[in-house]
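Each remark here refers to the structure printed beneath this line.
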Amino acid sequence: MAVLAPERTEREPGRPGPARTRRLPFPRPRRDTTPPLPADERTAWLLTALLGLGAFAVRVWDLGYPPELLFDEAYYPPEARELLEWGHEYNRGYTFIVHPPLGKWLIAAGIGLFGYDSFGWRLPSAVAGTIAVVVLTRLARRLTGSTLLGLVAGLLLALDGLAFTLSRIGLLDVFLQVFVLSAVACLVVDRDRVRARIRDGVTGPLGPRGWRLAAGLLFGCACAVKWSGVWFLAAFALLSLFWDRAAWRDAGAPRPTLVTARRGLPGAVWALAAVPVLTYLASFTGWFLGETSQGKAWAQQNPETAFPWVPDALRSLWHQHAEWLEFHTGLSTPHPWESGPWSWLVNGRPILLWNPQGLTDAAGEQVVRYTLMVGTPTLWSAFAPALVWLAWRVAARRDPAALTVAVAVVAGWGTWLLNPERTMFAFYTAPVLPFFVLAVVLVLQDVLGPPGASRSRRQVGLGVVALYVGVVAATFVFFLPVLTGQPLSRAEWLDRMWFPSWF
């Protein structure tokens with residue numbers, strides 16, 4: 001709030017009267033600065049590596065069960081096998097491909113190494129899910145300035161049931177998750193390094209920004225897995241420019257917007273527009289090279305179309321993308337396990353992946369093997385309150401960490417609200433799930449207390465954080481049999497069906 005100088009009781013000769021000071025109607029919110037990184041780099045990496053190894057071990061355990069194709073595995077592993085055989089998906093007449101090829105190429109890598117079986121087509125997902133745990137740990141550490149909170153973030157993601165099951169099935173969304181998360185992490189590193197250079201008084205060009213280029217490449221990879229990655233690309237490209245402007249403003253630049261436009265925008269256009277587009281097109285190399293790729297001959301069969309000067313392959317690819325867009329925007333076929341964005345926040349409708357019938361034990365009692373893609377309830381129940389707290393941190397503190405998470409939530413969850421009639425499923429939360437976890441971690445950061453708090457305050461806060469993480473871990477272990485399809489008696493199975501919508 002502005003501080004008013006005391007008025008003089010008498011005007012001095014030859015001097016004007018006191019200038020009137022405008023009083024702000026409310027205090028300007030304080031702006032939290034980005035916390036410095038801890039000095040325990042080696043220890044942090046060691047603990048992160050141990051967490052990653054643990055997450056991978058749990059994900060790869062009994063990975064091949066069940067051996068059949070589950071849910072949308074009916075599409076992606078067969079298409080991945082076709083990529084290995086022909087370099088592109090088979091040009092079938094009864095349906096058409098509706099997603100870019102990169103995620104299927106990653107599944108194909110597992111098939112190429114271990115064969116066309118359930119272990120081969122699921123192992124790449126386990127690797128991607130493990131990498132997501134490691135990247136989230138490092139990102140949370142950077143955003144909060146705490147190795148402890150970074151490890152808590154990674155551990156919570158490793159203990160989430162939906163993230164766990166996504167890492168054990170041959171779907172595309174876990175690859176979208178790891179690419180988006182890694183791209184955001186690269187942009188945050190770029191933000192911190194550019195801010196430090198500007199603060200140190202750099203006068204010449206900022207030079208190549210390798211972390212921003214890496215982010216553009218990873219965002220392009222995300223879009224080449226599923227189109228929903230484009231929302232993250234657009235949102236964080238704008239946020240990156242906002243970060244540049246804030247850095248110049250804090251450094252005292254008189255016209256920070258103009259400086260950002262002159263010194264940051266050209267590189268941003270290259271790194272966060274051209275590079276993602278080129279990366280996306282590169283994922284279609286097999287399609288371009290194939291003679292019988294789906295839709296490849298469309299331009300030759302329709303020579304009267306607009307822009308005849310554009311190469312036939314590009315016009316055919318553009319037409320195929322138009323068909324994909326029509327499919328995705330108009331998809332409204334009812335499905336027994338579909339769910340809407342609002343229900344995602346409360347685990348409203350998980351997805352049944354496997355439920356063989358007629359199983360009995362040696363005594364003739366019914367055995368239930370139920371594989372359910374469901375989030376860990378004690379973690380997911382905290383998402384909605386954490387988002388409210390997140391909004392408060394953005395508005396009241398102007399907290400950079402909260403703003404980063406909020407932008408990701410809008411891009412990865414809010415955009416699904418634009419087309420409520422579309423058929424959607426809970427695993428569409430995959431790319432935004434790590435940021436929901438980060439929102440919870442920011443709440444735990446405030447529970448833990450600031451570094452300057454009293455020792456007793458920090459001890460109590462640490463106890464609460466440890467208790468919450470322990471409850472989440474215990475819940476995950478309790479639900480593990482229905483996440484992996486382990487045999488249960490009917491009574492044991494019913495104990496884990498907490499809500500009617502889970503049946």
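The values are calculated or read from the model by the stated rules, or taken from the named source; none is laboratory data. Bear in mind that the values here come from a model prediction, so they are computed numbers and not experimental data. Backbone-built Cβ (ideal geometry, glycine too); neighbour counts: all protein chains shown. To get the accessible areas, we keep the full protein, side chains included, count just its heavy atoms, and leave off ligands, DNA and RNA. Shrake-Rupley method; radii C 1.70, N 1.55, O 1.52, S 1.80 Å.
For segment 34-131, carbon and sulfur atoms together expose 67% of the accessible surface, with a 1.4 angstrom probe and every protein chain in place. A 1.4 Å probe run over the protein chains yields, for the chain, 48 Å² of accessible area per residue, whole-number rounding. Mean silhouette area of segment 364-462, derived from the convex hull of its C-alpha atoms and averaged over all directions, reads 10.3 nm².
Separation of segment 166-228 and segment 30-87, taken as the distance between their Cα centroids, equals 17 angstrom.
Across all directions, the shadow cast by the convex hull of segment 260-372 built on its C-alpha atoms averages 15.2 square nanometres.
Applying D = kT/(6 pi eta Rh) to the chain, where Rh is the Kirkwood radius over alpha-carbon pairs, T corresponds to 10 °C and eta to 1.306 mPa s, the Stokes-Einstein value obtained is 63 µm²/s.
Computed over segment 125-276, the P(r) tail beyond 25 angstrom holds 35 percent of alpha carbon pairs.
For the peptides 128-137, 251-260, residues were scored by their other Cβ atoms within 10 Å and the scores averaged per peptide; the highest-first order is 128-137, 251-260.
Applying the criteria of a DSSP loop state and at most 13 other Cβ atoms within 10 Å to the chymotrypsin sites (Phe, Trp or Tyr not before Pro) of segment 87-164 yields 94. Taking a ≥ b ≥ c as the square roots of the eigenvalues of the alpha carbon gyration tensor, segment 53-147 is prolate, as a/c is not under 1.5 and a/b beats b/c.
Computed over segment 210-328, the percent of Cα pairs more than 22 Å apart is 49. Under the shape rule built on the C-alpha gyration tensor, where the axes satisfy a ≥ b ≥ c, segment 419-459 is prolate, since a/c reaches at least 1.5 and a/b is greater than b/c. For segment 245-310, chymotrypsin sites (Phe, Trp or Tyr not before Pro) are listed when DSSP marks them as loop and at most 16 other Cβ atoms sit within 10 Å of their Cβ; the list is 309.
For segment 411-503, the Cβ-based charge dipole about the Cα centre amounts to some 280 debye (Lys, Arg positive; Asp, Glu negative; other atoms uncharged).
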